[in-house]
Amino acid sequence: MKDLQPITFEGVDASKPLIIAGPCSAETEEQVLTTARELAGNGIKIFRAGIWKPRTKPGGFEGVGVEGLQWLKKVKEETGMFVSTEVATKQHVDAALEAGVNLLWIGARTSANPFAMQEIADALQDAGVDVPVLVKNPVNPDLELWIGAMQRIYNAGIRRIGAIHRGFSAYGKHLYRNLPQWHIPIELRRRMPQLPIICDPSHIGGKRELVASLSQQALDMGFDGLIIESHCDPDCAWSDKSQQVTPDVLNFILNTLVHRDATQSTESLTLLRQQIDGIDNELLEILNKRMRVSREIGQFKKEHRMPVLQAGRYDDIMQSRVKLAEDMGMSGDFMKKVLSAIHEESVRQQIEILNDRSK
Ligand code: PEP
Ligand code: MN
């Protein structure tokens, strides 16, 4: 995919990050047009709205369907913005192109499915148009699957391709709705430096309070743009209400973002260092998770009047983990040091619980 072309739009400054904004879903003509007018008034040039919504469970709002395409047409005519929507089937591609949608994106559940990706790629090839296509990362953290999805689009003759990083699903409760795992898009950048990568802080964070800091992190890492959900009345949104921001809040966020010098981002040392930063963040989160479980064990031991230290268990952990580390090619001595430091902190935290009379 060496001959990819940049994704640019007439009248949109290509030297700045590409900003795409709009509601998670098109709900009503009024909601779409009100949001679009406010965004356009704040200088946003590319509008997004989901017309067909993939929902985890049946019964949720599944999008307004083709009717919404007429609203997008009105957005174009009235505000002059370019419009984009998500496609997941051949019918979606045909209908969106017919309605003059300027940019298509493929959702995270679709990019995880090679059959669906091939169907979309074939539809694009049959249509014979040169529309820019953004491919969200698959829900699962699989870089090869993500690249494979983009290759199918490329093989259909599309040259303006971009990736959207929207985070990865994980079981259980986390700060983020979808874990950023920054090292994955950074590895994508290292492997395909010519591919634009856009960050979707809305779906990573899942909460509007996280949008600004995630956007800044993405810019710091040299991402090429942001796709942010914005709704004229977020609390009443029919989908993803807790992560949407009003057009004015979005404007405030965009104005406070610091733009760094992008020239360094293609340098491979910088990219590798950014991967290290991302992995260290994950390491801290995992350590913290381990400490949380450890504290729960402490609470259990307290309730059952068991001693904090159980030597047999510690020896078993040591032996099995040291062996695992050696099998992975790390030094056993190093692993012993790491484990005993972790163990020391776990014991300290359990003792804290034991001494805490309020629990
Ligand atoms: C969306 O952009 O509204 C969406 C459905 O996103 P994702 O595919 O990332 O879940
Ligand atoms: Mn959404």
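The values are calculated or read from the model by the stated rules, or taken from the named source; none is laboratory data. Model, not experiment: these values are computed from the prediction. With ideal geometry, Cβ positions are generated from the backbone for all residues, glycine too; neighbour counts draw on all protein chains shown. We work out accessible area using only protein heavy atoms, side chains counted, and drop any ligands, DNA or RNA first. Shrake-Rupley method; radii C 1.70, N 1.55, O 1.52, S 1.80 Å.
What the table shows:
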read-out	value
Of residues in the stretch 15-54 being small (Gly, Ala, Ser) and either closer than 20 Å to LEU104 by Cβ or open to solvent by less than 20 Å² (accessible area, probe 1.4 Å) (or both), the one nearest to ligand 1 (Cβ to nearest atom)	GLY50
Long-range neighbours under 6 Å by Cβ, at least six apart or interchain, first residue open to solvent by 80 Å² or more (accessible area, probe 1.4 Å) within the stretch 322-350, second of a type outside the set (A, V, I, L, M) and in a helix (DSSP H, G or I)	GLU326/GLY332
Any chance ARG160 is modelled with pLDDT of 95 or more, surrounded by fewer than 24 Cβ atoms within 10 Å (Cβ to Cβ), away from ligand 2 (no atom under 16 Å from the Cβ) and among the charged types (D, E, K, R)	yes
Residue list for the stretch 190-209, filter: within 14 Å of ligand 2 (Cβ to nearest atom) and closer than 20 Å to HIS259 by Cα	ASP200, PRO201, SER202
The listed residue being part of a loop (DSSP other than H, G, I, E, B) and within 16 Å of ligand 2 (Cβ to nearest atom), out of TYR171, TYR176	TYR176
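Matching residues to (1) surrounded by fewer than 14 Cβ atoms within 10 Å (Cβ to Cβ); (2) more than 24 Å from LEU179 (Cα to Cα):
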| residue | (1), (2) |
| --- | --- |
| ASP220 | no, no |
| SER230 | no, no |
| CYS236 | yes, yes |
| VAL258 | yes, no |
| GLN274 | no, no |
| ASP280 | yes, no |
| ASN288 | yes, no |
| GLU296 | yes, no |
| PHE300 | yes, yes |
